[in-house]
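Peer 1: Sharing a structure with you now.
The values are calculated or read from the model by the stated rules, or taken from the named source; none is laboratory data. Please read all numbers here as calculations on a predicted model, not as lab measurements. Here the Cβ positions follow ideal geometry from the backbone for every residue, glycine too, while neighbour counts run over all protein chains shown. Heavy atoms of the whole protein, side chains included, go into the accessibility calculation; ligands, DNA and RNA do not. Shrake-Rupley method; radii C 1.70, N 1.55, O 1.52, S 1.80 Å.
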Amino acid sequence: MQHLDGNAVAGQLADYFSFDVTAATARCNGCGSIAEFARAMVYRSGAGTVVRCGSCDQVLATIVEAGDRAWIGFSGVSAIEVRRG
Amino acid sequence: MSFITRGFSGRSRERDERLPPGQTLVHDFPVLSAGPTPEVDTAEWEFSIVTETGGEHRWNWDEFMALEIEEIETDIHCVTHWSKLGTRWRGVSLDTLFEDVETQYDFVMAHSYGGYTTNVPLDELLDGKAWIAFEFDGEPLDPEHGGPARLIVPHLYFWKSAKWVRGLVMQGEDEPGFWEQNGYHLHGDPWKEERYW
């Protein structure tokens, strides 16, 4: 099967990434628990924001902001469930 | 007639040569953490160095404290733009800890209680460039500052100086640690402003 380049998902991802992520549900890679981001534990420091699983403490996501650049990592999440429509 | 001399006002604008670019001097000690503060009792504390053969060099607190202890006075530079000059620590040099360690690998991943990791090339930990410190300013290191013991690598941004350090694992490649995977620079030299990717 032939593959397309990343531009092919631009529209699809733009649709999904314009929502309130805290309402989305994520599965923790550490303990497998599935919960809304709003239930996670957030640690803020000057270096960045770290979102940890409410059940097992593992890092789910990170946000690093520096001027006009930002890095959003979902290293501890296997998938995010977004409600359509 | 001005009573503020040129010398006085001029000095206040002069940049301290010990400050790397983009840094501001602070006198307090800001706390930066990526999670809850681990409470590690020295009775349970262990530090290890693991090599590519699986060889493990391990010290408990008493064994660690029996090693040669050095006094360190150094400037520290945080990537969040603060620097602190002339900080005083006591700790064990990584040269001492690596004395009997045989490895062909050139890179190190530091691991902490609580799960934090950070990567440093081995040659930047040796020759008097890094320590495992257990005392700051004459007092045992507070848990919030990384106690009972933390890595200090003062010539790199301070996120490399892993708090609550529990071990070093030798690596064949310079793989990124926690912050390095999430936007921060693989190396982190403050004089080159290696802050982000």
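Peer 1: Which one of these does residue B:33 not meet: (1) modelled with pLDDT under 95; (2) not in a loop (DSSP other than H, G, I, E, B)?
Peer 2: (2)
Peer 1: Condition first: under 15 Å from residue B:71 (Cα atoms) and over 8 Å from the mean Cα position of the chain (by Cα). Now tell me which residues in region B:133-168 satisfy that.
Peer 2: B:133, B:134, B:135, B:136, B:137, B:138, B:139, B:140, B:141, B:149
Peer 1: How about region B:31-45: which of its residues are of a type outside the set (A, V, I, L, M, F, W, C), open to solvent by 40 Å² or more (accessible area, probe 1.4 Å) and within 18 Å of the chain's Cα centre (by Cα)?
Peer 2: Passing the criteria: only B:37.
Peer 1: Now for a different question. For the subset of region A:3-34 comprising residues that are among the β-branched types (Val, Ile, Thr) and within 17 Å of residue A:75 (Cα to Cα), which member is most open to solvent (accessible area, probe 1.4 Å)?
Peer 2: If we take residues in region A:3-34 being among the β-branched types (Val, Ile, Thr) and within 17 Å of residue A:75 (Cα to Cα), then A:34 is most open to solvent (accessible area, probe 1.4 Å).
Peer 1: Right, residue B:95: more than 22 Å from residue B:184 (Cβ to Cβ) and open to solvent by 20 Å² or more (accessible area, probe 1.4 Å) or not?
Peer 2: yes
Peer 1: Then there is this: Residues of region A:58-85 being of a type in the set (Ser, Thr, Tyr) and surrounded by fewer than 17 Cβ atoms within 10 Å (Cβ to Cβ), which ones?
Peer 2: If the condition is that a residue be of a type in the set (Ser, Thr, Tyr) and surrounded by fewer than 17 Cβ atoms within 10 Å (Cβ to Cβ), then A:75, A:78 are the ones that fit.
Peer 1: Within region B:48-70, identify whether any single residue is open to solvent by less than 60 Å² (accessible area, probe 1.4 Å), among the charged types (D, E, K, R) and farther than 29 Å from residue A:48 by Cα, and answer yes or no.
Peer 2: yes
Peer 1: Another question, then. For residue B:137, which of the numbered conditions (1) under 23 Å from residue A:46 (Cβ atoms); (2) open to solvent by less than 30 Å² (accessible area, probe 1.4 Å) fails to hold?
Peer 2: (2)
Peer 1: Shifting gears a bit: Residues that are within 16 Å of the chain's Cα centre (by Cα) and at the interface with chain B (Cβ under 10 Å from one of its Cβ atoms): list the strands (runs of 3 or more DSSP E) wholly contained in region A:42-85 that include at least 2 such residues.
Peer 2: Because the criterion is at least 2 residues that are within 16 Å of the chain's Cα centre (by Cα) and at the interface with chain B (Cβ under 10 Å from one of its Cβ atoms), the strands (runs of 3 or more DSSP E) in region A:42-85 that meet it are A:48-52, A:59-66, A:69-73.
Peer 1: Just give me the residues in region B:48-81 being part of a strand (DSSP E or B) and of a type in the set (D, E, K, R), in sequence order.
Peer 2: B:56, B:58, B:70, B:71, B:73, B:75
Peer 1: Might you check whether a residue that is within 16 Å of the chain's Cα centre (by Cα), surrounded by 13 or more Cβ atoms within 10 Å (Cβ to Cβ) and not in a strand (DSSP E or B) occurs anywhere in region B:17-26?
Peer 2: No, that holds for no residue.
Peer 1: Now for a separate question. Which of the residues that make up region A:35-57 are among the polar types (S, T, N, Q) and open to solvent by 60 Å² or more (accessible area, probe 1.4 Å)?
Peer 2: Result: A:55, single match.
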